[in-house]
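Report on the following structure.
The values are calculated or read from the model by the stated rules, or taken from the named source; none is laboratory data. Every value quoted in this text rests on a predicted model; they were computed, and no experiment measured them. Quick reminder, even Gly has a Cβ in these numbers, built from the backbone with ideal geometry, and neighbours come from all protein chains shown. All accessible areas refer to the heavy atoms of the entire protein, side chains included, with ligands and DNA or RNA removed. Shrake-Rupley method; radii C 1.70, N 1.55, O 1.52, S 1.80 Å.
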Amino acid sequence: MKVHIIGGGNLGVSIALGLSKFTTENQITITRRNTSSILYLEKLGTTVSTNNTHLIQEADIIILTIKPYQVDTVLSEIVPAFSNKVIASAVSGLSIENLQSKIGDSNTAVRIMPNIAAQFGASATCIAFQEQNKDKAQVVVSLFQTLGTAPIIDEKLMDAATVLAASGTAFALRYIRASMQAGIEIGFDWQTALSISAQTVKGAAEMLLEEKVHPEQLIDRVTTPQGCTIAGLNEMEMHGFSSSLIRGIKTSLKQIKG
Ligand SMILES: NC(=O)C1=CN([C@@H]2O[C@H](COP(=O)(O)OP(=O)(O)OC[C@H]3O[C@@H](n4cnc5c(N)ncnc54)[C@H](OP(=O)(O)O)[C@@H]3O)[C@@H](O)[C@H]2O)C=CC1
Ligand SMILES: O=C(O)[C@@H]1CCC=N1
């Protein structure tokens, strides 16, 4: 399959790297205006270009990973160059209706919300499309299933998905950083503390995904009565651990909704 990624920044490059690592049959093109920092992708077999329309008509999927304020400029440049294409947009806040009106009825708008773990085949990419475009959107779902999970969601939850699945990467990393900092205070060098903290989070996530149970069921297995874990958890909650995360996520959502 030919995948044409417009916007070779943080997210676009993560997707390109993930596709080059986890798939073999895809031909990937990635564009940005200043390509110097991403030319290394060519060594992995990805075509890097400043030309957004180069071979675009041959693409099976066009992926938009540009900032919201870049959308009109890019679309006015590329839309005259193709027809009958599936456009998967990761642009936060850009609705399917709005995108569809900009690309015309001959093309199909799909919304995707990946995260930068796509690079490691570990993204949670939420995908939304109009019911009548179900068949055409399947190609996008299949592609992102190779880069992690790809749940199909109602478009009205796309902003929530942006916060939970994309910003969520940063939130999880901040937890790991805090845990690492505590690890240094209790005796580890930062590299050892980081590897222990990161692996512990990975292990906890793997248990949840594997066992499909509520986190409290697993927490109960760790909290020995009168033990250190419950003492630490209760202290964290006293200082607003869960509520600060919940408030942060809701604030992020308000920021998207404007
Ligand atoms: N970062 C993330 O974790 C996530 C981001 N998103 C969304 O993805 C989008 C991109 O985010 P992010 O990757 O962080 O942003 P970046 O700024 O890192 O990437 C945007 C890229 O677009 C390129 N670009 C700008 N104008 C053009 C143009 N005319 N033609 C081609 N390329 C162009 C820029 O490069 P140059 O200036 O050289 O052209 C830049 O590399 C945003 O809408 C964001 O909301 C969604 C989920 C996760
Ligand atoms: O912070 C942002 O606005 C973008 C969308 C989600 C991740 N990065």
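Summary of values
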| read-out | value |
| --- | --- |
| Enumerated helices (runs of 4 or more DSSP H) restricted to the range 160-258, each holding at least 2 residues that are within 16 Å of ligand 2 (Cβ to nearest atom) | 168-185, 241-257 |
| L164 being open to solvent by 60 Å² or more (accessible area, probe 1.4 Å), within 16 Å of ligand 1 (Cβ to nearest atom) and closer than 30 Å to Q138 by Cα | yes |
| Criterion violated by G121 - all others in (1) open to solvent by 20 Å² or more (accessible area, probe 1.4 Å); (2) within 16 Å of ligand 2 (Cβ to nearest atom); (3) within 12 Å of the chain's Cα centre (by Cα) satisfied | (2) |
| Search result, residues across the range 212-258 that are of a type in the set (S, T, Y) and farther than 17 Å from G168 by Cα | T223, T224, T229 |
| Residues located in the range 41-89, provided they are out of contact with any strand residue (DSSP E or B) (no Cβ under 8 Å at 6 or more places or on another chain) and open to solvent by less than 20 Å² (accessible area, probe 1.4 Å) | L75 |
| Test set (1) closer than 28 Å to S106 by Cα; (2) loosely packed, with under 12 Cβ neighbours inside 10 Å; (3) modelled with pLDDT of 95 or more - E25 fails condition number | (3) |
| Count of residues meeting criterion [more than 21 Å from T162 (Cβ to Cβ), among the small types (G, A, S) and not in a helix (DSSP H, G or I)] in the range 103-145 | 2 |
| All positions within the range 1-17 that are more than 21 Å from K136 (Cα to Cα) and within 16 Å of ligand 2 (Cβ to nearest atom) | G7, G8, G9, N10, L11, G12, V13, S14 |
| V74, sole failed condition from (1) outside any helix (DSSP H, G or I); (2) closer than 15 Å to G9 by Cβ; (3) hydrophobic (A, V, I, L, M, F, W, C) | (1) |
| Residue in the range 146-159 that is farthest from G93 (Cα to Cα), counting only those that are part of a helix (DSSP H, G or I) and of a type in the set (A, V, I, L, M, F, W, C) | L157 |
| Residue ranges of strands (runs of 3 or more DSSP E) in the range 24-69 with at least 3 members within 16 Å of ligand 2 (Cβ to nearest atom) | none |
| Residue check for L143: in contact (Cβ under 8 Å) with a residue 40 or more places away in the chain and either surrounded by 11 or more Cβ atoms within 10 Å (Cβ to Cβ) or not assigned by TED's automatic domain parsing to the domain that holds I63 (or both) | yes |
| First in the range 155-176 and touching a residue at least 60 places away in the same chain (Cβ under 8 Å) and within 17 Å of A128 (Cβ to Cβ), second anywhere and in a helix (DSSP H, G or I) and more than 9 Å from ligand 2 (Cβ to nearest atom), Cβ under 7 Å, 6 or more apart | E155/I96; D159/L253; D159/K257; A160/L253; V163/I249; V163/L253; L164/I249 |
